[in-house]
Amino acid sequence: PPIVGSSETYCFIVTLGYLILCQITRVYVFDYGMYSADFTGPMMVITQKITSMVFEIHDGKSSRESQLTPSQKYLAISRMPSLLEYLSYNCNFMGILAGPTCSYNDYMAFIEGTCYQPRHQENANGKENGKHKQSEPSPKNGVISKLCTCAISLFIYLSLCKLLPVEHSIDDDFVNSTPFHLQIVYLYLAMLALRPKYYFVWTLADAINNAAGFGFNGYNLDGSPRWDLISNLRILDIEFATSFKMFLDNWNIQTALWLKRVCYERCPINPTAATFLLSAMWHGVYPGYYLTFLTGIAMTMAARAVRHNIRPYFMVSHSYKCIYDVITWAWTQVAISYTVVPFVLLAVGPSLKFYRSWYFCLHLLCLLVVLALPVKPRRRQAQEQQESLQKDSVQDKQTGHNSTDNNCNQKDKDT
């Protein structure tokens, strides 16, 4: 990864530190234990935008362009933004309350009206057979679809949130009188009833941006415009996720991309743990956030080890793969529900009470899996794959030269 300068580091520390200071003031001075509409929500989005812009400017002015990834090259800012552009990017009305965050280049392409041109010209002929002609991109259908999703999500949440509260899972009578397998089922249903709240907020924020014309992401194969450039979730991929990583990749997508770009791709030491820790600090100062993301580190490492060591044995046939998908889907839903309980309960006492009622079973299981099924770090795997590709290319060239020589010798003999 490219080397990060001191000015970028200082800006990142100051911005994140100010956000944490605001969150401490809100939680421990004004309002502990209750969610309320406050200024730290917009501050979280602005923190993402400021830190993203800093690193994108750094990449744009970097002399080591060869060290940049393709996404970093695309997002790099080559010209210092003006004050008006800076304020417009950070404080535009479309994303000031709930985001989602976006890259500076994508936002400026929307403001200048150039976001439609490359994709529209590239696909100007429509389908390959020429029978379908693409129309000018209109967000109407996308906005209507997302507003319908908002209405359904809000209805489900308001209908089920009081019937299936997560707090009931730590009730003494419930824990003592309910078999453990039914406690697992209840926890899954409680989390299933809680998620539509986030579906509503993020889908509504996405629809607002689309209604303003922001979010165009090319065309589908049938010629219909795609409005998912800054979408924050994929509901079906979340509910049917077959791995911990697949769930996280489709949940709060723009925040996950921000964490990847400013931390995971740039942290030289243990990027997975650093990314989860940064996510906890960005979310707030409730202890439950830190318990959730610390548990998430163990879950991610265990899931990675299982996928690396066990999954290949189930890829031999379609039926085996289906069995593997069903098992990993159930495991993923239970693991996610178990992990995010402290995120919902917020305080240390109730969170530890829940984990004690489960005897910390998934924590211990993850520890055993990580110790029994070691897996190479992602960067080492990528390095080895790159080295193997280079060796293969060299061998291919040598093989090509040898075959050419053999052909020439054969021609000489024929002559």
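The values are calculated or read from the model by the stated rules, or taken from the named source; none is laboratory data. For clarity, every value in this text was computed on a predicted model and none was experimentally measured. Cβ: placed from backbone, ideal geometry, glycine included. Neighbour counts: every protein chain shown. Just so you know, the surface numbers come from the protein's heavy atoms only, side chains and all, with ligands and any DNA or RNA stripped out. Shrake-Rupley method; radii C 1.70, N 1.55, O 1.52, S 1.80 Å.
Quickly run through segment 261-320 and pick out the residues that are over 30 Å from K353 (Cβ atoms), open to solvent by 40 Å² or more (accessible area, probe 1.4 Å) and in a helix (DSSP H, G or I).
R261, Y264, R307, H308, N309, R311, P312, Y313, F314, H318, S319, Y320
Is there a residue being in contact with a Pro (Cβ under 8 Å, 6 or more places away or on another chain) and within 28 Å of S103 (Cβ to Cβ) anywhere in segment 300-310?
Kept after step one, since they are in contact with a Pro (Cβ under 8 Å, 6 or more places away or on another chain), are these residues of segment 300-310: 305.
Now drop any that are not within 28 Å of S103 (Cβ to Cβ), which leaves none.
No.
Please go through segment 59-90 and pick out each residue that is under 19 Å from L259 (Cβ atoms), open to solvent by less than 80 Å² (accessible area, probe 1.4 Å) and either outside the structural domain of V45 (by the TED database) or hydroxyl-bearing (S, T, Y) (or both).
T69, S71
Given the conditions (1) assigned to a helix (DSSP H, G or I); (2) in contact with a helix residue (DSSP H, G or I) (Cβ under 7 Å, 6 or more places away or on another chain), and given that Y198 satisfies all but one, which numbered condition is not satisfied?
Among (1) assigned to a helix (DSSP H, G or I); (2) in contact with a helix residue (DSSP H, G or I) (Cβ under 7 Å, 6 or more places away or on another chain), Y198 violates only (2).
Do we find that D228 is closer than 20 Å to M108 by Cα, assigned to a helix (DSSP H, G or I) and acidic (D, E) in this structure?
No; evaluated as a whole, the condition is false for this residue.
Could you check, for segment 39-47, whether at least one of its residues is without any contact (Cβ under 8 Å) to a residue 40 or more places away in the chain and either open to solvent by 30 Å² or more (accessible area, probe 1.4 Å) or under 23 Å from the mean Cα position of the chain (by Cα) (or both)?
Yes, segment 39-47 has at least one match.
Scan segment 239-254 residue by residue and report those that are open to solvent by 60 Å² or more (accessible area, probe 1.4 Å) and over 11 Å from the mean Cα position of the chain (by Cα).
Residue satisfying the conditions is F240 alone.
Considering only residues of segment 91-137 that are in a loop (DSSP other than H, G, I, E, B), at pLDDT below 90 and among the polar types (S, T, N, Q), which is surrounded by the fewest Cβ atoms within 10 Å (Cβ to Cβ)?
In this case the residue turns out to be N129.
I'd like the full set of residues that are open to solvent by less than 50 Å² (accessible area, probe 1.4 Å) and over 13 Å from M94 (Cα atoms), limited to segment 189-202.
A190, M191, A193, L194, R195, P196, Y199 - these are the residues of segment 189-202 that are open to solvent by less than 50 Å² (accessible area, probe 1.4 Å) and over 13 Å from M94 (Cα atoms).
Identify, please: which residue in segment 211-238 is free of Cβ contacts under 8 Å to residues at least 60 places away in the same chain and closer than 10 Å to N250 by Cα and is, among those, least open to solvent (accessible area, probe 1.4 Å)?
Within segment 211-238, the match that is least open to solvent (accessible area, probe 1.4 Å) is I238.
Does segment 279-292 hold any residues that are among the hydrophobic types (A, V, I, L, M, F, W, C) and in contact (Cβ under 8 Å) with a residue 24 or more places away in the chain, and which are they? Write out each step before concluding.
Taking segment 279-292 as the starting set, the residues that turn out to be among the hydrophobic types (A, V, I, L, M, F, W, C) are 280-282, 285, 291.
If the condition is that a residue be among the hydrophobic types (A, V, I, L, M, F, W, C) and in contact (Cβ under 8 Å) with a residue 24 or more places away in the chain, then M281, W282, V285, L291 are the ones that fit.
Quick one: would you say L257 is within 29 Å of I170 (Cα to Cα), in a helix (DSSP H, G or I) and open to solvent by 20 Å² or more (accessible area, probe 1.4 Å)?
On the way: within 29 Å of I170 (Cα to Cα): no; in a helix (DSSP H, G or I): yes; open to solvent by 20 Å² or more (accessible area, probe 1.4 Å): yes.
Against the criterion (within 29 Å of I170 (Cα to Cα), in a helix (DSSP H, G or I) and open to solvent by 20 Å² or more (accessible area, probe 1.4 Å)), L257 does not qualify.
With W258, W282, W251 as the choices, which residue is among the aromatic types (F, W, Y) and touching a strand residue (DSSP E or B) at 6+ places or on another chain (Cβ under 9 Å)?
W251
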